[in-house]
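Reviewing the structure listed below.
The values are calculated or read from the model by the stated rules, or taken from the named source; none is laboratory data. Values in this document were obtained by computation on a predicted structure and should not be read as measured data. Neighbour counts run over all protein chains shown; Cβ positions are idealised from the backbone, glycine included.
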């Protein structure tokens, strides 16, 4: 099985990496396309935090590498500000790490 890591990518309307106008219905349709692109690239979209009014999104994905996340974005024509590899730091993660 391939090792998977966590990545956060960001989008911001003020940087032209988020669509100028996007309704909740349009976002649903677009997200379905993104899910298909992710599946083709071996990326698992875990959680998307989106502020439609502010024109911002923060996407939390699991993928083998950052290039897979880039390719998924390219498949749907979605630019991004950054893709950052991250680790989780929940209270549970920290509790078990300390033991």
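Out of contact with any helix residue (DSSP H, G or I) (no Cβ under 7 Å at 6 or more places or on another chain) and buried (at least 18 other Cβ atoms within 10 Å of the Cβ) - does that describe any residue in the range 14-32?
Scanning the range 14-32 turns up at least one residue that is out of contact with any helix residue (DSSP H, G or I) (no Cβ under 7 Å at 6 or more places or on another chain) and buried (at least 18 other Cβ atoms within 10 Å of the Cβ).
Can we say residue 72 is in contact (Cβ under 8 Å) with a residue 24 or more places away in the chain and either touching a strand residue (DSSP E or B) at 6+ places or on another chain (Cβ under 6 Å) or in a helix (DSSP H, G or I) (or both)?
Numbers: in contact (Cβ under 8 Å) with a residue 24 or more places away in the chain: yes; either touching a strand residue (DSSP E or B) at 6+ places or on another chain (Cβ under 6 Å) or in a helix (DSSP H, G or I) (or both): yes.
Answer is yes for this residue.
Residues in the range 81-99 that are assigned to a loop (DSSP other than H, G, I, E, B) and at pLDDT 95 or above: how many? So that I can check it myself, show each step before the final result.
Just the residues of the range 81-99 that are assigned to a loop (DSSP other than H, G, I, E, B), to begin with: 81, 87-90, 99.
Restricting the remaining residues to those that are at pLDDT 95 or above gives 81.
Total meeting the criteria: 1.
Just for the range 42-65: of the residues that are over 11 Å from the mean Cα position of the chain (by Cα) and not in a loop (DSSP other than H, G, I, E, B), which one is farthest from residue 16 (Cα to Cα)? Step through it out loud before you land on a result.
Taking the range 42-65 as the starting set, the residues that turn out to be over 11 Å from the mean Cα position of the chain (by Cα) are 42, 51-56, 64-65.
From what's left, not in a loop (DSSP other than H, G, I, E, B): 51, 56.
Details: 51: 15, 56: 10 Å.
The selected residue is 51.
Any residue in the range 17-40 that is part of a helix (DSSP H, G or I) sitting within a Cβ distance under 9 Å of a residue that is modelled with pLDDT under 90? List the pairs, counting only those 6 or more apart or interchain.
From the range 17-40, the pairs are 26/19; 27/19; 30/19; 30/22.
Could you list, in sequence order, the residues of the range 54-65 that are buried (at least 16 other Cβ atoms within 10 Å of the Cβ) and within 22 Å of residue 15 (Cβ to Cβ)?
Matches in the range 54-65: 55, 56, 57, 59, 60, 61.
Cβ-Cβ distance below 7 Å, separation of 6 or more or different chains: which pairs start in the range 46-59 with a residue that is at pLDDT 95 or above and end on one that is surrounded by fewer than 14 Cβ atoms within 10 Å (Cβ to Cβ) and part of a strand (DSSP E or B)?
Pairs that qualify, where the first residue is at pLDDT 95 or above and the partner is surrounded by fewer than 14 Cβ atoms within 10 Å (Cβ to Cβ) and part of a strand (DSSP E or B), are 57/49; 58/49.
Against the conditions (1) surrounded by fewer than 16 Cβ atoms within 10 Å (Cβ to Cβ); (2) out of contact with any helix residue (DSSP H, G or I) (no Cβ under 6 Å at 6 or more places or on another chain), where does residue 76 fall short? Just the number, please.
Failing condition for residue 76: (2).
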